1. State whether one or more residues within the range 132-143 are basic (Lys, Arg), surrounded by fewer than 18 Cβ atoms within 10 Å (Cβ to Cβ) and either under 18 Å from residue 214 (Cβ atoms) or in contact with a strand residue (DSSP E or B) (Cβ under 7 Å, 6 or more places away or on another chain) (or both).
2. Report, by residue number, each residue of the range 60-79 that is basic (Lys, Arg) and assigned to a helix (DSSP H, G or I).
3. Report, by residue number, each residue of the range 264-283 that is farther than 17 Å from residue 81 by Cα, touching an Asp or Glu at 6+ places or on another chain (Cβ under 9 Å) and buried (at least 23 other Cβ atoms within 10 Å of the Cβ).
4. Only one residue in 33, 57 is surrounded by 17 or more Cβ atoms within 10 Å (Cβ to Cβ), modelled with pLDDT of 70 or more, small (Gly, Ala, Ser) and in a loop (DSSP other than H, G, I, E, B), so which one is that?
5. Residue 351 is checked against (1) open to solvent by less than 50 Å² (accessible area, probe 1.4 Å); (2) under 27 Å from residue 392 (Cα atoms); (3) touching a Gly at 6+ places or on another chain (Cβ under 6 Å); (4) not in a helix (DSSP H, G or I) and fails just one. What number does that condition carry?
6. Output the helices (runs of 4 or more DSSP H) that fall wholly within the range 156-268 and possess 1 or more residues being more than 20 Å from residue 92 (Cα to Cα), of a type in the set (A, V, I, L, M) and within 16 Å of the chain's Cα centre (by Cα), or say none.
7. Yes or no: residue 95 part of a strand (DSSP E or B), open to solvent by less than 10 Å² (accessible area, probe 1.4 Å) and of a type in the set (Val, Ile, Thr)?
Amino acid sequence: MIGHNGAGNRADNGAAGEAGDGIGEGTRAVRAGLPEAEPYRPPMPGPVLAAHYHLPGDPAAAPYGYGREANPTWTLLERAVAELESPTAPAHAIVFPSGIAATAAVLFALLRPGDTAVLPSDGYQLLPKVRARLEAFGVTVRTAPTGGDAQLAALEGGVRLLWLETPSNPGLDVCDIRRLCAAAHAGGALVAVDNTLATPLGQRPLDLGADLSVASGTKAFNGHGDVLLGYVATRDDRLADEIRAWRTTTGAILGPMEAWLAHRGLATLHLRTDRQQANALAVAAALRERPEVTGLRYPGLPDDPAHATAAAQMRRYGCVVSFTLPDREHAERFLAALSLVDDATSFGGVRSTAERRARWGGDAVAEGFIRLSVGVEDADDLIADLCAALDTASEARP
């Protein structure tokens, strides 16, 4: 079983790599979801902009009838997602207009009043609001942090769904997906993994035992900062039917233009993630030498607390580096002094961004905590910009 460790290097690290078709991840990303070639037709059809379709006869037999239910452009993107998330076995993918829409679809389609769910206490900042909604609907929610597989202790007593986010955002802790899936399944629980930060080229939760892989494709999956997108992938026909029905009933549908843009961008996913990982490693190594930087985290660093677990299940470590500066004012001076790194939220884009994460509230981080998303610029230029901004921030300190 061949995995991918770093840019251009292949190694068996226990994660799923090439599938039975023998092609590499780059080739798969370039060709994922494309229709069979037809003479004089484009290799990738343009977006289908249609609210309805010609619909003679029985609508139950029609692949496309009304735009809220299905769209040919979705179909191709969903095929691509399924091929990337699950190249070793057939799978379904269902696309949504945002990552939180995909998250809500899983949680609200599969949980019922009286059920118990386990969520990470250090996950994406909207999860506490989602938790409040679940509890209002009569779902019991337990939480535990990602690191140290702490969610194991929360699985006692009839859990319906375990939600993992690994690496966690923004703290970059990692949990053992295989171990937690085995424990959850032994108790009859489903497992969903938020795979946003890793992307399917970084880790494949379905190959590691998860029932569902969920992601915000807005981030590195699309990678160009111009599309809001979410998706759910699963090998279970029944789960796919329930989530697809939720999408149709609630109208949580992705526009065909967004679907087309995301699919078009997939051709460079392997190039972008390889470059981002190489840059992130270089940036993290440089930041480690700075005295004002504390709490540096990047799972790809050999001495990171999460590295051993990450290396056992990830093929790429992502583009996010986190660290803490002395205080809020120091962090804001640093961000203001950057020239190549934009002060912006989100992550995974080709252009590097950074933000003082505490400005939003909702994350248990220090006021000087920085989440840095490393893009595809030249690493030397990024390091020079970051170090110059750190110098400026320190010199200007009262």
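The values are calculated or read from the model by the stated rules, or taken from the named source; none is laboratory data. This one's a predicted model, so the numbers in the text were calculated from it and none came from an experiment. Here the Cβ positions follow ideal geometry from the backbone for every residue, glycine too, while neighbour counts run over all protein chains shown. Protein only, heavy atoms only, side chains kept; ligands, DNA and RNA dropped before computing areas. Shrake-Rupley method; radii C 1.70, N 1.55, O 1.52, S 1.80 Å.
1. The answer is yes; a qualifying residue exists.
2. The answer is 79, and nothing else.
3. 279
4. 33
5. The one condition residue 351 does not meet is (1).
6. Hits in the range 156-268: 177-186.
7. Considered against the rule, which asks whether it is part of a strand (DSSP E or B), open to solvent by less than 10 Å² (accessible area, probe 1.4 Å) and of a type in the set (Val, Ile, Thr), residue 95 comes out as yes.
This table checks each residue for (1) within 16 Å of residue 84 (Cα to Cα); (2) open to solvent by 20 Å² or more (accessible area, probe 1.4 Å); (3) free of Cβ contacts under 8 Å to residues at least 40 places away in the same chain.
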| position | (1), (2), (3) |
| --- | --- |
| 183 | no, yes, yes |
| 187 | no, yes, yes |
| 203 | yes, no, no |
| 206 | yes, no, no |
| 210 | yes, no, no |
| 216 | yes, no, no |
| 235 | yes, yes, no |
| 262 | yes, no, no |
